[in-house]
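Participant: Quick one: structure below, then a few questions.
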Amino acid sequence: MVIQKQIRLWITTAEEIFQKYMPAGTLPGIYIGAPRNILKLRAELVEKTKSRQLYTPDPYNIPMETIHGDAGDAILIQQKLVYNGEGAERYFYHCLWHEIGRYFAIYNECEDRDEYSVSVLHRYNDLELAGGMPDQTAQGLAGSEQAKGEEPTQIAHKILHDRQEGYWFWSEFIAESIANYVEEEFSRIDNADSYHPEQITWEPELWSFLPDRLISFLEMGFSYYVESIDEAGLAMYFATLLMSDFPKRYVQAAMDGKLKVYDNAAIAVGKFGATKLMEPGSIDPTCISKMPEAYQDILRDMKSVLEIQMQKKKFWEIDEHFLDKIGGCISSLEFEKSKRASS
């Protein structure tokens with residue numbers, strides 16, 4: 001088990017690197033819970049932050065958790081679950097950047113703030129936890145969308161459902177995307193002497209694991225309940241595809257015809273390990289085409305919406321229209337999944 005003194009040193013370095021590339025001002029308090037007091041410490045932090053995250057997951061097997069509440073935020077680290085193998089320090093940085101990224105995004109989503117200086121968009125996530133939607137909220141959400149004969153609550157619940165789905169997806173996507181962004185900037189600038197992606201030769205053993213990784217995230221997104229989508233799985237898929245340095249380069253290499261595959265004809269005549277360039281267009285590097293046809297266009301629409309968003313200078317700032325688009329895509333996936341389950 002990694003000792004707390006070492007973890008604190010890692011925390012300090014990770015915070016300094018994060019602030020260099022995503023200046024966040026004041027960061028949340030970071031707490032390390034030993035096995036003997038982790039549950040007590042979590043309960044204390046929930047009370048201190050006035051969080052609605054009252055129930056501790058069972059089993060509580062989360063290495064790091066952001067606890068967000070009306071009175072503040074905290075990041076809780078489980079000492080016994082901190083990875084202690086090869087590359088542990090860099091892995092720790094990335095995990096902590098993910099949690100700090102979640103905090104950063106909540107407080108920098110848009111200019112519309114409530115009395116706690118938290119983005120009002122975050123409140124879409126809290127409505128369900130608070131026990132539902134007041135009538136005045138329903139009327140306000142329905143607005144001009146109300147059609148003849150439809151109740152405001154019916155329209156509002158559809159809008160709210162899409163925005164909640166969009167927000168749940170976004171909260172995980174942006175946290176991992178920010179971690180990937182900081183990771184890439186840290187490699188490109190702080191470690192420029194050893195960072196030479198232009199020298200990559202795309203041999204099959206270098207990239208062949210990536211399609212399986214992307215497919216596993218996609219399958220995670222569709223492996224939840226019969227009519228539901230696992231937003232976290234989809235978020236990890238898109239954050240990896242669009243914001244992780246090596247996968248981005250893999251996608252570009254596939255488009256440029258730079259990927260190499262094993263040359264079976266040469267191997268058959270004794271040239272063991274021989275490779276050749278893959279024909280451009282002979283592989284879908286996104287792996288979306290591996291999914292059922294009913295999902296493919298929707299996933300491509302999500303990809304387009306996210307690509308536009310992530311090209312913005314302040315890519316973490318979103319509004320309700322963005323949530324409508326992303327949440328609408330997820331609702332469409334749920335509908336298609338439900339149809340497949342009932343057919």
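Participant: Return the total of residues in region 206-243 being open to solvent by 30 Å² or more (accessible area, probe 1.4 Å), under 22 Å from Val261 (Cα atoms) and not acidic (Asp, Glu).
Facilitator: Going through region 206-243 one residue at a time, the tally reaches 6.
Participant: Still on this structure, I have one more. Does Cys110 satisfy the criteria of being outside any helix (DSSP H, G or I), modelled with pLDDT of 55 or more and in contact with a strand residue (DSSP E or B) (Cβ under 9 Å, 6 or more places away or on another chain)?
Facilitator: Yes; evaluated as a whole, the condition is true for this residue.
Participant: So, one more: Cβ-Cβ under 6 Å, sequence separation 6+ or interchain: first residue in region 303-324 and surrounded by 12 or more Cβ atoms within 10 Å (Cβ to Cβ), partner small (Gly, Ala, Ser). Which pairs?
Facilitator: Pairs found: Trp316/Ala105; Leu323/Gly166.
Participant: As an exercise: evaluate Glu176 against (1) surrounded by fewer than 20 Cβ atoms within 10 Å (Cβ to Cβ); (2) touching a residue at least 40 places away in the same chain (Cβ under 8 Å) and give the number of the one condition it does not meet.
Facilitator: (1)
Participant: Could you tell me which residue of region 284-302 is farthest from the chain's Cα centre (by Cα), considering only residues that are over 15 Å from Tyr237 (Cβ atoms) and open to solvent by 60 Å² or more (accessible area, probe 1.4 Å)?
Facilitator: Among them, the one singled out is Glu293.
The values are calculated or read from the model by the stated rules, or taken from the named source; none is laboratory data. Predicted, not measured: the structure shown is a model, and the values here were computed from it. We place every Cβ from the backbone using ideal geometry, glycine too, and count neighbours over all the protein chains shown. Calculation scope for accessible area: heavy atoms of the full protein, side chains included, ligands and nucleic acids excluded. Shrake-Rupley method; radii C 1.70, N 1.55, O 1.52, S 1.80 Å.
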